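This report refers to the structure that appears directly beneath it.
The values are calculated or read from the model by the stated rules, or taken from the named source; none is laboratory data. Remember, it's a predicted structure, so these values are computed and weren't measured experimentally. SASA here: full protein model, heavy atoms, side chains in, ligands and nucleic acids out. Shrake-Rupley method; radii C 1.70, N 1.55, O 1.52, S 1.80 Å.
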Amino acid sequence: MRDTRESRLLLVLLIAVAFALITVDIRGGEDSPVDGARQAAAAAFGPIENGVASAVDPVGNAVSAVRDSGERHDRLTGLEQENAALKAKLGSDDRNRSRLAQLDKTLKIAGAGQYGIKGAEVIAIGAAQGFSWTITIDIGARDGVKRDMTVLNGDGLVGRVTTVGPNTATVLLASDPDFTVGTRMEASDELGFASGQGDRPLRVELLNGKADVKRGDRLVTFGSQADKPFVPGVPVGVVSRVDPSGGDLTRTLYVTPYVSFTKLDIVGVVVEAPKKDPRDTVLPSKPKPVPTPTVTVTVTPSANAPEDGQQQ
């Protein structure tokens, strides 16, 4: 349409009519004279609006999802962090329970032997001062620890203190090849010397080459003069193999130690020796033998068998 004077006049007239209808509709409220026309328009254009809305809604949902994804991500991140903290706490609780159990066993063995101990935590392992099998503990001279003190845990003999600092100390483990301790056989009192062999069983040389020793026999520490470096009665291990005597002056045994030297955590340093030798009282109770079930088979003759037992 060309921009003429008539077209401009028509446009102004239509705008005036539109404003007049709007004014009448507003003033009329629910009784508006144009309400019927509005309903007719809604009926005509409603399906078209619904179609457009259906086409637009997925886009709107996607926009909402993008808008809310940051909040969901934050919530998921928070939950993941809470789960990680909970797992860490549970792991820590498990470790604490394990350490409490170790401490309890150590205190029990100290009580059984009447050893005065200082509890310590292993804070390092490995070579120190040229030793290959050592640990470092978190107590030292300020805690009353001195060189050549016995170190034990809830299972038995761990080693002896070799170097002492103000707050830490180095312990030579009984598994070290340079380690030697006097031993005594349970009950028989046969004496010997146990030496470390790294991750292999301890090697024990009994002074009596004719000693009657068998697999499963147990040893404790014999003790040292003035109780240094070893106090008496600390469990050492169980005989796992006995070499034939062969007429030698000594007899060689191989002993599986009670202590697992690769799983050390809580230990005790004996700062006060017992007033008397505890002998074998610190050794754990021997396991009771499990009886082997015996099956007795009784043959019952059948009802049709002949009385003389012969076949018909």
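Quick one: what are the phi-derived ³J(HN,Hα) couplings along region 260-272, Karplus 6.51/-1.76/1.60 with θ = phi - 60°, whole Hz, x for glycine and proline?
For region 260-272, the Karplus-derived couplings read 8, 6, 9, 10, 8, 9, 10, 9, x, 9, 7, 9, 9 Hz, x marking Gly and Pro.
Can you give the accessible area of residue 100 in Å² (nearest 10), computed on protein heavy atoms with a 1.4 Å probe?
Roll a 1.4 Å probe over it and residue 100 shows about 110 Å².
Out of residues 5 or more away from residue 163 or on other chains, whose amide H comes under 5 Å of its own, with H placed 1.01 Å from N in the peptide plane?
Residues meeting the amide H criterion: 170.
Can you return the lysines within cross-link range of residue 288? Criterion is Cα-Cα under 19 Å, with same-chain partners fewer than 8 residues away left out.
Within the straight-line cut-off, residue 288 pairs with 214.
Amide H neighbours of residue 158 under 5 Å, at least 5 residues apart or on other chains, H built in the peptide plane: list them.
Counting only residues 5 or more places away or on other chains, the set is 151, 152, 153.
Can you list the residues, at least 5 places off or on another chain, whose amide H is less than 5 Å from the amide H of residue 272, using H built in the peptide plane?
Hits under the 5 Å cutoff: 116.
Compute log10 of I(q)/I(0) for region 212-255 with the Debye formula, placing one identical point scatterer on every Cα and leaving out solvent, at q = 0.22, 0.24, 0.30 Å⁻¹, to two decimals.
-0.79, -0.84, -0.96
Of the listed pairs 108/275; 210/276; 105/263, which have alpha-carbon separations greater than 20 Å here?
210/276
Run the 1.4 Å probe and let me know the accessible area of residue 125, rounded to the nearest 10 Å².
That residue has around 140 Å² of solvent-accessible surface.
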